[in-house]
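Only one structure is covered here, and it is reproduced in the block below.
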Amino acid sequence: MQFHNWYFSLQINTLFKAGKKEVISSYLIGQTLRFAIPGGTASFAKIFYVPNSSKISSFWSSIAEKSFMTWTTWFFALLAGMLYYRQSPLWIWIILLLILIFLPFLVKLILRGSKNFSSLQAPYSAQFPKIISVQVLSNLLCFVQYWLILNCFLPINFWQSWIRMALTQFSNTIPITISGLGLREGFAIHFLAGAGFTAEQAVSVSLTLFFIHDVLPALIGIFYLLKSKKV
């Protein structure tokens, strides 16, 4: 699913012609490179491993990819925050949520009014619903995985698991550690404590998903990194 996020983002550039094989290779290389620098900024170097009309075009596609990943994480975190922090005024959460929902359409309006980027408006309009759909499904799958693993320790319903882990996932958008490692575990300890989970259990759940979603793709990416050449 995350590969398709990258693939659809590249297609915002109408001149992009590379096949899925090259895109898969560059995506997995990016998964490896994101471990090089805290915050994952080194993953931008994957643009040098996918043929495109220009490196600038690939760079903007990478910005779009990460922006929609962040957008979806914030969307679920805002919904969860609305339910978890009931003492906060509901109207504040609603306003924040509406602003977030409007952002992709604001980008569309900006592209339409721009002399330099107006040609991207049509492909962006075609691709961003696909990207958001993939990201929503990917996040929902992640929440199901969290729920299944949490139930290996203590019984918890999906609703409560989703609220707590959606708020935990927000830590992934704070670019100060490698793939949110450490910071995410701190969030998990805090939000899962209210459901009866110990710190050790919370860390175990978080690290299990980290291994599945981050470490395994990065290990596969090493093979592609060693085999591929910059284009």
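When the scattering of the chain is computed by the Debye formula from its Cα atoms alone, each counted once and equally, what is log10 I(q)/I(0) at q = 0.15 Å⁻¹? Summing over Cα pairs of the chain leads to -1.06. Computed from label points 7 Å out along Cα-Cβ, the spacing between Lys227 and Ala36 is 2.0 nm.
Label-to-label distance, Leu216 versus Ile56, with points set 7 angstrom from Cα along the beta-carbon direction: 4.0 nm. Applying 1/(1 + (r/R0)^6) with R0 = 25 Å to the Cβ-Cβ distance of Phe3 and Ile110 gives a FRET efficiency near 0.35. When you restrict to C-alpha pairs under 8 Å that are six or more residues apart and normalise by the size of the chain, the relative contact order lands at 30 percent. The amide H of Val231, built 1.01 Å from its N in the peptide plane, has Tyr49, Val50 as neighbours under 5 Å, considering only residues 5 or more places off or on other chains. Computed extension gain for Cys152 through Ala193, at 0.36 nm per residue and net of the alpha carbon distance, reaches 13.2 nm.
Of all aspartates and glutamates in the structure, the ones whose alpha carbon falls short of 15 Å from that of Lys229, not counting any fewer than 8 places away in one chain, are Glu22. Along segment 218-231 the Karplus relation, 6.51 cos²θ - 1.76 cosθ + 1.60 evaluated at θ = phi - 60°, assigns HN-Hα couplings of 5, 5, 5, x, 4, 4, 5, 5, 6, 8, 7, 10, 5, 10 Hz to successive residues, with x for each Gly and Pro.
Oblate is the label for segment 54-113, because the ratio a/c of its alpha-carbon gyration tensor axes (a ≥ b ≥ c) is 1.5 or higher and a/b is not greater than b/c. Note on the chain: with a GNM built from Cα contacts shorter than 10 Å, the maximum mean-square fluctuation among Lys55, Lys115, Lys20 falls on Lys115.
Round to the nearest 10 and give me the degree value, 0 to 90, for the angle of helix 121-150's Cα axis relative to the longest principal axis of the chain. The angle comes out at about 30 degrees. For the pair Thr173 and Ile94, label points projected 7 Å from Cα toward Cβ lie 2.1 nm apart.
Cross-link reach is defined here as a Cα-Cα straight distance under 22 Å, omitting same-chain residues fewer than 8 places apart; for Lys66 the lysines meeting it are Lys17, Lys20, Lys21, Lys46, Lys55, Lys108, Lys130, Lys230.
Since every read-out is calculated from the coordinates, none of them should be taken as a lab result. If you're wondering where the values come from, they're calculated on a predicted model, not measured in any experiment. So basically every Cβ, Gly included, is an ideal-geometry build from the backbone, and we count neighbours across all protein chains shown.
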